[in-house]
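The next block holds one structure in the form of structure tokens; read it before the comments.
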Amino acid sequence: MSKIRITKEFSFEMAHALRNYDGPCRNIHGHSYKLFVTIIGEPKQDDADPKNGMLMDFGALKKLVNTEIVDKYDHSVVVYKNDERLPEMQKLFENIIIEAKQPTCENLVSDFASTINTRLPDNLSVFSIKLYETATSYAEWYASDNPTE
């Protein structure tokens, strides 16, 4: 059986601030993120299965990523747990997500891969995740680069 990859694209709006950053991104600012999730596995080969020939129904992948990532992060302010400005931000904003790591594109893409991988059926896995922070800047995560995750 052949290994196949499928990809689904998502978008969401999110703000963040980078603690101790030496540039303008230390301030709260927002991005229009584009997220590409690629999974890999073998398509089902069972004539009795309504998903015969599919790796995963795109609708099921959409539901999983929307539930675990998009619905959570969309229109949120994401802040590092050690940011000394956090108490003040919590007074000003309702939808704050406190992250264990600096909320960079690189850290987010790694966390997203881990989250999605734990929710996939056993026969499937994340092949790659690409997260665009701007139209010309993105971070990528590949399973082949992270064999222990």
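Each value in this text was obtained by applying a stated rule to the coordinates, not by laboratory testing. A quick note: this is a predicted structure, and the numbers were derived from the prediction, not measured. We place every Cβ from the backbone using ideal geometry, glycine too, and count neighbours over all the protein chains shown.
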Filter segment 14-65 down to the residues that are among the polar types (S, T, N, Q), surrounded by fewer than 15 Cβ atoms within 10 Å (Cβ to Cβ) and on the phi < 0 side of the Ramachandran plot and list them by number.
ASN27, SER32, GLN45, ASN52
Please count how many residues of segment 60-111 are of a type in the set (Gly, Ala, Ser) and either in contact with a His (Cβ under 7 Å, 6 or more places away or on another chain) or over 21 Å from TRP141 (Cα atoms) (or both).
2
Could you check how many residues of segment 1-53 are among the hydrophobic types (A, V, I, L, M, F, W, C) and over 21 Å from ALA143 (Cα atoms)?
8
Determine whether segment 26-39 contains at least one residue that is basic (Lys, Arg), out of contact with any helix residue (DSSP H, G or I) (no Cβ under 7 Å at 6 or more places or on another chain) and more than 24 Å from ASN117 (Cα to Cα).
yes
Segment 109-149, residues that are part of a helix (DSSP H, G or I), charged (D, E, K, R) and more than 13 Å from the chain's Cα centre (by Cα):
ASP145
